[in-house]
Amino acid sequence: MEKDISSILEKLKKMHGNARIELTYTNPLELTISTILSAQCTDERVNKVTKDLFKKYKILDDYLNVSIEELEEDIKPTGFYRNKARAIKNVVKEIKERFGGNIPDDIDTFATIKGIGRKSANLIVGVAFKRPAIIVDTHVIRLSNRIGLTKQKDPEKIEMDLRKKVKEKDYTDLSLLLTLHGRYICKARRPECKRCLLQEDCDYFKGGRDGI
């Protein structure tokens with residue numbers, strides 16, 4: 001049976017408020033850096049690091065001119081800091097050399113930058129530039145399968161499935177709300193189905209798996 005996406009969106013908003021991300025940023029460059037740092041790290045920890053980081057690094061050249069060792073030290077609490085520092089260096093270099101210092105506002109273009117995968121490109125362009133974007137993170141993969149919006153496991157195939165079923169104007173909101181729902185209610189190991197307003201929409205719940 002076809003899912004009522006509008007109803008699902010309204011219920012998600014009742015549970016979580018307006019669609020949003022929990023990374024702190026003031027411009028597309030800051031969001032790009034925060035997104036890189038958020039890999040395998042909580043948004044809360046990233047925000048603690050970027051509070052000082054963004055006072056020190058304000059423009060692309062600040063990241064380009066600092067030594068890799070100093071940048072690693074500044075982002076160390078986010079984990080995997082060597083890989084992240086290299087990714088940041090490469091991303092800002094490509095933004096400057098290929099795009100004249102401007103963050104690309106097109107998802108397909110941004111995704112060509114080494115260090116920015118398609119999920120990150122969707123997130124940054126969708127949030128910073130308000131473009132319609134399906135942001136397929138681990139929560140969206142899990143929830144879109146549990147609810148029954150897709151049977152795919154591959155992120156790009158999930159993105160394509162959701163594009164067919166969701167109105168373009170709702171792409172970004174649905175993605176961000178599913179992420180919030182995955183963090184706080186529909187958790188990977190112990191989904192709190194009793195607190196969830198999506199029970200009648202959810203294949204996982206209707207299949208008899210009612211969480212806790």
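Taking the stated definitions as given, is residue 47 polar (S, T, N, Q) and farther than 27 Å from residue 20 by Cα? So that I can check it myself, show each step before the final result.
On the way: polar (S, T, N, Q): yes; farther than 27 Å from residue 20 by Cα: no.
So residue 47 does not fit the description; no.
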- Query: Give me the pairs: first residue in region 178-202 and closer than 13 Å to residue 144 by Cα, second residue buried (at least 17 other Cβ atoms within 10 Å of the Cβ) and of a type in the set (Phe, Trp, Tyr), beta-carbon distance under 8 Å, and six or more apart or on different chains, which are they?
  - Reply: 198/205
- Task: Would you check which residues across region 192-212 are within 28 Å of residue 132 (Cβ to Cβ) and surrounded by 13 or more Cβ atoms within 10 Å (Cβ to Cβ) and list them?
- Result: 196, 197, 198, 201, 202, 203, 204
- Note on the structure: Within region 97-124, residues part of a helix (DSSP H, G or I) and either touching a Lys or Arg at 6+ places or on another chain (Cβ under 7 Å) or over 17 Å from residue 84 (Cα atoms) (or both) come out as 97, 98, 99, 107, 108, 109, 110, 122, 123
- Name the helices (runs of 4 or more DSSP H) wholly inside region 1-87 in which the number of residues that are under 26 Å from residue 176 (Cα atoms) and among the polar types (S, T, N, Q) is 2 or more. 5-16, 28-37, 43-56
- Of all residues in region 190-212, how many are more than 16 Å from residue 9 (Cα to Cα), in a loop (DSSP other than H, G, I, E, B) and modelled with pLDDT of 95 or more? 2
- Please name all residue pairs, on different chains or six or more residues apart, with Cβ atoms under 6 Å, provided the first residue is in region 79-93 and is in contact (Cβ under 8 Å) with a residue 24 or more places away in the chain and the second residue is of a type in the set (Lys, Arg) and outside any helix (DSSP H, G or I). 90/114
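The values are calculated or read from the model by the stated rules, or taken from the named source; none is laboratory data. Small disclaimer: the values here were computed from a predicted structure and weren't measured. Cβ: placed from backbone, ideal geometry, glycine included. Neighbour counts: every protein chain shown.
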